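Beneath this line is the structure, given in structure tokens, with notes to follow.
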Amino acid sequence: MSYVGEPFRHDLFVSYSHGDDGSGGAYLKPWSAAFAHELERELRADRRFRTSLSVFRDQDHRPEHSLDPMAPLTAQLQEQIAGAALLVVLMSPDYLASKWCADERDWWLERQAALGLPHEERIAVVRIWPTDTQWPAALCDARGEQLVGFAFYPADAVPPRPLGWTDLPGAFGSEFRKPLLDMVGRLYPKLEAMRARAEDLRRQREEAERLVRDGGQTLYLHGRSDHAAAWEAAALKLVDKGFAVVPGEPDRVDSDPVRLQAVRERRVETLSGCDALLLLGTDDGRALDADLVVVGKHDRQSARARSHRLLPCGLLDTAGAAIATSVRRATARIVQADWIDGTDEGWPVAVRDWLGGKGVQAGGTP
């Protein structure tokens with residue numbers, strides 16, 4: 001398990017070319033492997049990461065290093081590489097020329113896109129050798145300029161070699177360790193940010209799975225006290241279908257600003273713990289207009305900010321043509337309230353199907 005947590009199996013993947021010297025030798029591999037080892041060692045110096053940090057490195061590609069020797073190697077590598085929260089690229093001309101490194105990068109990028117996560121600020125480029133060819137788009141900014149990255153070769157060295165090149169096979173000296181510590185200091189907050197993002201993803205996945213269940217969700221049914229009969233009839237039908245309905249009564253209509261604000265605060269607090277919001281649409285179109293904006297948009301946004309929940313919103317139309325004007329339907333779409341026909345006797349099934357669709361859309365399994 002990684003420090004960041006699911007859906008990421010590893011916190012970092014270090015990608016580099018071994019550097020074919022023309023005779024079958026890998027002249028970049030010793031330095032690159034040593035770099036990856038020292039990077040992990042320095043990251044683990046912080047107690048937060050000491051026991052849970054997971055770094056996937058090039059030498060882990062071999063079957064004797066935690067890969068199943070009876071399974072297809074490429075499929076396993078694709079899964080391991082794509083499952084890293086951050087990508088560390090050891091940039092060199094050999095890296096740019098390597099088809100294997102390009103595949104690794106593409107696997108990682110495709111996985112982030114599938115998760116709906118941007119890759120920006122999650123790729124650390126370590127410049128270990130000067131390059132004079134175009135970098136891939138993912139390693140450039142929006143203007144096409146190369147990412148600044150981290151310099152690990154002296155700019156004035158002739159010939160250029162990575163920092164600490166002459167230290168091997170011994171320990172790296174201060175020339176190498178100072179920029180390494182600067183890099184580690186910048187990676188820590190990225191890992192923390194990804195840990196928080198991963199927690200959001202897990203929470204959203206759990207909510208999505210809850211939405212697709214056949215009943216049992218908690219629905220906030222918003223109606224006004226002057227429409228109490230319609231609200232109670234709708235609430236009983238939802239309860240009969242297996243939904244939990246809150247609050248236990250329609251919201252009070254009050255013209256006093258102080259009391260009205262208290263009602264809204266209680267509403268937001270209750271909404272924060274719900275799976276979805278249903279706005280009751282009666283033949284009072286003006287009341288519905290206000291509820292769409294105040295409850296369906298503003299109060300719902302406040303509840304989502306407080307709880308970080310999906311909280312889909314539906315408008316339960318119990319009046320039909322009396323309120324289903326084209327303008328009102330368009331307004332509902334703008335505030336992201338889905339129109340649900342509540343004029344049919346079996347409308348609770350439509351509510352269940354609506355929730356299931358929202359869950360699937362959010363990543364739940366039907």
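The values are calculated or read from the model by the stated rules, or taken from the named source; none is laboratory data. Just so it is clear, the structure is predicted and the values come from calculations on it, not from any experiment. Here Cβ is always computed from backbone atoms with ideal geometry, including for glycine, and neighbour counts include all displayed protein chains. When the accessible area is computed, the model is the full protein with side chains, heavy atoms only, and any ligands, DNA or RNA have been set aside. Shrake-Rupley method; radii C 1.70, N 1.55, O 1.52, S 1.80 Å.
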| Residue list for the stretch 92-105, restricted to those being touching a Pro at 6+ places or on another chain (Cβ under 9 Å) and assigned to a helix (DSSP H, G or I) | Pro93, Leu96, Ala102, Arg105
| Tally of residues being open to solvent by less than 20 Å² (accessible area, probe 1.4 Å) and touching a strand residue (DSSP E or B) at 6+ places or on another chain (Cβ under 8 Å) across the stretch 29-42 | 4
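I need a count of the residues in the stretch 275-298 that are more than 11 Å from Arg224 (Cα to Cα) and crowded, with 21+ Cβ neighbours inside 10 Å.
Selection size over the stretch 275-298: 6.
Residues being closer than 27 Å to Ala193 by Cβ and buried (at least 18 other Cβ atoms within 10 Å of the Cβ): count how many of those fall in the stretch 151-168.
Qualifying residue count, the stretch 151-168: 1.
In the set Leu86, Leu115, Leu109, Leu90, which member is open to solvent by 30 Å² or more (accessible area, probe 1.4 Å) and at pLDDT 95 or above?
So the residue among Leu86, Leu115, Leu109, Leu90 that is open to solvent by 30 Å² or more (accessible area, probe 1.4 Å) and at pLDDT 95 or above is Leu109.
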| Per-region count, the stretch 1-27, residues in contact with a Gly (Cβ under 7 Å, 6 or more places away or on another chain) and either within 21 Å of Gln78 (Cβ to Cβ) or modelled with pLDDT of 95 or more (or both) | 3
| query | Taking the stated definitions as given, is Arg161 assigned to a loop (DSSP other than H, G, I, E, B) and either within 26 Å of Val349 (Cα to Cα) or basic (Lys, Arg) (or both)? | reply | yes
| query | Residues in the stretch 187-236 that are open to solvent by less than 40 Å² (accessible area, probe 1.4 Å), at pLDDT below 90 and within 30 Å of Val125 (Cβ to Cβ): how many? | reply | 1
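Which one of Val351, Val293, Val263, Val253 is at pLDDT below 95, in a helix (DSSP H, G or I) and at negative phi?
Result of the check over Val351, Val293, Val263, Val253: Val263.
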| query | If you go through the stretch 164-175 one residue at a time, do you hit one that is assigned to a helix (DSSP H, G or I) and touching a Phe, Trp or Tyr at 6+ places or on another chain (Cβ under 8 Å)? | reply | no
| Any hit, the stretch 313-334, residues being in contact (Cβ under 8 Å) with a residue 40 or more places away in the chain and either in contact with a Cys (Cβ under 8 Å, 6 or more places away or on another chain) or open to solvent by 70 Å² or more (accessible area, probe 1.4 Å) (or both) | no
| Given (1) of a type outside the set (A, V, I, L, M, F, W, C); (2) open to solvent by less than 40 Å² (accessible area, probe 1.4 Å); (3) in contact with a Phe, Trp or Tyr (Cβ under 9 Å, 6 or more places away or on another chain), index of the condition Pro136 fails | (3)
| message | Any residue that is farther than 18 Å from Val253 by Cα and among the polar types (S, T, N, Q) - is there at least one of those in the stretch 275-297? | response | no
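Please go through the stretch 256-268 and give me each residue that is open to solvent by 30 Å² or more (accessible area, probe 1.4 Å) and in contact (Cβ under 8 Å) with a residue 24 or more places away in the chain, ordered by number.
Result: Arg264, single match.
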| field | Candidates Val246, Val253, Val184, Val239 - the one that is in contact with a Cys (Cβ under 9 Å, 6 or more places away or on another chain) and open to solvent by less than 80 Å² (accessible area, probe 1.4 Å) | value | Val246
